[in-house]
Structures are given as C-alpha cells and as structure tokens.
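Read through the structure below, which is laid out as structure tokens, and then see the notes.
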Amino acid sequence: MSIQQNAPLHVRLSEEFMRRITDGTWPPGSQLPSEAALCKEFGTSRGPIRQALAFLRAEGAVTGGRGRPPMVRSTVPSQSFSTFNSFTEWAIGIGKTPGQRTLEVAHREASAEAADALGLEPGEKVVELLRVRYMDGVPAMIERTSFILEVGRLLFDFDTDSGSIFAFLKAQGVDLYSARHTIDAVAAGEEDAELLEQAEGIPLLRERRVTSSADGKAIEYSEDRYLPALTNFTIDNTAERRAALVRIHAE
C-alpha cells in the first residue's frame with residue numbers, strides 16, 4: 001500500500017479501500033471481500049476493518065451494513081466530497097504517492113480573513129496548520145489552514161506528517177459536511193517560493209475553502225497554493241445536477 005505508514009490503521013485501511021474503488025480494483029456494483037478475508041489480508045482484527053468500512057459508507061462510496069454485505073455503489077461519484085478535500089486520497093487515486101511536511105501546528109489568534117470566514121469575533125483563537133504537500137517526493141502545494149478550537153485541538157493528538165487530516169477528523173466523528181471553494185491565481189511570495197523550491201513570482205493556483213458542518217457551522221478555513229504545472233481544476237455539470245468541482249493532475 002502506498003499509504004503513510006504512521007497513520008492510525010483504520011485511516012490507512014480506509015485510504016487503501018478508497019484507492020481500490022477509485023482505480024477499479026473493486027468495481028461499481030461489486031461486493032467487497034468479507035471482513036474475515038480483509039482481516040486475513042491486512043493481519044488485523046475486525047475493529048479497524050469495521051472503522052474503515054464505516055468511513056467509506058459515510059462518504060457514500062459503499063452501501064450495506066446491519067447484516068447486509070458491503071457493496072461498492074453501482075454509480076460511484078467521479079470525485080467524492082472527501083476525495084476533493086483530501087489531498088492524500090486524491091493523490092492516491094491518480095496513482096501518486098502523497099507526502100507532507102508539517103512546519104507548524106499552533107494555537108493562536110485567528111487572522112482577520114480566517115476570523116471572517118469562520119464567523120469568529122476579533123481576537124478569538126484557532127489552531128493553525130502549515131504544511132507542504134508532496135506528490136512522488138516533489139513539492140506540489142502549500143497548505144495553510146485554520147480550525148475552530150473544538151476541532152483543531154484534536155490535531156495535537158495526531159501526527160500531521162502521517163497522512164490525511166481530513167480522514168483523521170472524519171474518523172474522530174467531526175461533521176465535515178460541505179465546503180465552499182474559491183479558486184484564483186496569485187504570485188508566489190518569498191515563503192511560497194522557498195517552500196515549493198521555485199522562483200519567486202511564479203503563478204500559483206490558490207484554492208480558498210470554508211468547510212462547514214451539516215448545521216452550517218464553519219469548521220475550517222484553508223488557503224492552499226498549488227503549482228499549476230502539477231495540478232489544475234475542472235468543473236463538470238449537467239442539466240440534472242449541480243456542478244461538481246474536480247481537481248485533476250496536469251501532465
């Protein structure tokens with residue numbers, strides 16, 4: 001498995017299972033292997049297997065439960081909410097090895113932009129995260145994220161270099177229900193250029209995201225900056241459904 005080995009086992013399993021669904025190893029409409037078979041394959045007990053399957057059900061990739069065998073949905077969305085928001089799951093889905101280097105996890109006063117996005121009063125505290133994300137060992141994106149305290153405090157018990165924060169928070173029961181994305185272009189400043197190992201002033205794709213719970217409470221504000229040579233975005237829509245925003249790999 002091309003998954004960060006320091007992540008909790010159920011997180012690694014959920015990422016591996018999602019990869020198998022995405023790449024067609026477990027095709028739409030197929031029945032997943034039994035819990036016993038998965039326990040034998042991964043050398044673990046039923047607990048982590050069940051946690052990983054519960055995550056897939058929550059993402060809408062798998063049906064079943066309560067005595068019914070888990071099945072891959074007959075029509076699997078081309079990009080789930082989780083996969084779009086999770087750099088780790090997306091990279092695995094396109095056959096790349098994801099990686100990350102955490103530069104900071106800190107408890108501090110929210111910036112003006114983060115406070116506005118999260119609906120906080122001036123001076124309220126958040127947990128801020130700064131990471132560089134990699135694909136196949138190459139810097140691809142800078143992640144600057146602010147979490148409300150009740151969510152962000154969970155990160156102090158998580159190795160943020162081990163894998164997907166999104167998957168970890170979902171596994172902890174955090175209600176990451178919807179997200180609003182704003183995408184534009186910015187020039188790389190001195191810090192961006194140094195972290196991405198590029199020349200200062202090069203254009204970067206900037207994605208600003210506000211993630212909310214089902215009741216509309218803002219949980220996370222993130223500003224991610226991508227190298228456009230590695231990543232771009234496309235939007236697919238039809239008359240029957242809302243536009244689906246999809247991150248794709250730029251060759």
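State all residues of segment 207-221 that are in a strand (DSSP E or B) and either farther than 19 Å from P98 by Cα or of a type in the set (A, V, I, L, M) (or both); if no residue qualifies, say none. Reasoning before the result, please.
Of all residues in segment 207-221, those in a strand (DSSP E or B) come to 207-212, 218-221.
Within segment 207-221, R208, R209, V210, T211, S212, A218, I219, E220, Y221 meet the criteria.
Using the structure shown, decide if M71 is surrounded by fewer than 16 Cβ atoms within 10 Å (Cβ to Cβ), in contact with a helix residue (DSSP H, G or I) (Cβ under 7 Å, 6 or more places away or on another chain) and either modelled with pLDDT of 75 or more or not assigned by TED's automatic domain parsing to the domain that holds S213 (or both).
Details: surrounded by fewer than 16 Cβ atoms within 10 Å (Cβ to Cβ): yes; in contact with a helix residue (DSSP H, G or I) (Cβ under 7 Å, 6 or more places away or on another chain): no; either modelled with pLDDT of 75 or more or not assigned by TED's automatic domain parsing to the domain that holds S213 (or both): yes.
Against the criterion (surrounded by fewer than 16 Cβ atoms within 10 Å (Cβ to Cβ), in contact with a helix residue (DSSP H, G or I) (Cβ under 7 Å, 6 or more places away or on another chain) and either modelled with pLDDT of 75 or more or not assigned by TED's automatic domain parsing to the domain that holds S213 (or both)), M71 does not qualify.
Name the one entry in T102, T145, T160 that is touching a residue at least 24 places away in the same chain (Cβ under 8 Å) and either touching a Pro at 6+ places or on another chain (Cβ under 7 Å) or more than 22 Å from L9 (Cα to Cα) (or both). Lay out the reasoning, then the answer.
Working: T102 fails: either touching a Pro at 6+ places or on another chain (Cβ under 7 Å) or more than 22 Å from L9 (Cα to Cα) (or both); T160 fails: either touching a Pro at 6+ places or on another chain (Cβ under 7 Å) or more than 22 Å from L9 (Cα to Cα) (or both).
None of the others qualify; the one that does is T145.
From the list A199, A185, A140, pick out the single residue that is buried (at least 18 other Cβ atoms within 10 Å of the Cβ), in the same structural domain as S86 (by TED's automatic domain parsing), farther than 25 Å from R108 by Cβ and modelled with pLDDT of 90 or more. Working first, answer last.
Details: A199 fails: buried (at least 18 other Cβ atoms within 10 Å of the Cβ); A185 fails: buried (at least 18 other Cβ atoms within 10 Å of the Cβ).
From the options A199, A185, A140, the qualifying one is A140.
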In the set L120, L129, the lone residue that is in contact (Cβ under 8 Å) with a residue 12 or more places away in the chain, assigned by TED's automatic domain parsing to the domain that holds K170 and buried (at least 21 other Cβ atoms within 10 Å of the Cβ) is L129
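Do we have D192 as farther than 20 Å from L155 by Cβ, in contact with a Leu (Cβ under 9 Å, 6 or more places away or on another chain) and assigned to a helix (DSSP H, G or I) here? Let's see the steps before the verdict.
Working: farther than 20 Å from L155 by Cβ: yes; in contact with a Leu (Cβ under 9 Å, 6 or more places away or on another chain): yes; assigned to a helix (DSSP H, G or I): yes.
In short, yes.
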Filtering segment 104-158 down to residues that are in a strand (DSSP E or B), under 25 Å from W90 (Cα atoms), of a type in the set (V, I, T) and in contact with a helix residue (DSSP H, G or I) (Cβ under 7 Å, 6 or more places away or on another chain) yields V105, V127, V132, I142, I148
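For segment 196-206, which residues satisfy the criterion of being part of a loop (DSSP other than H, G, I, E, B) and under 24 Å from the mean Cα position of the chain (by Cα)? First the steps, then the outcome.
At the first step, the residues of segment 196-206 found to be part of a loop (DSSP other than H, G, I, E, B) are 197-202.
Within segment 196-206, just E197 meets the criteria.
The values are calculated or read from the model by the stated rules, or taken from the named source; none is laboratory data. As the structure is a computational prediction, the values presented were derived from the model and not from experiment. Because the Cβ atoms are built from the backbone with ideal geometry, glycine has one as well, and the counts that use them run over all protein chains shown.
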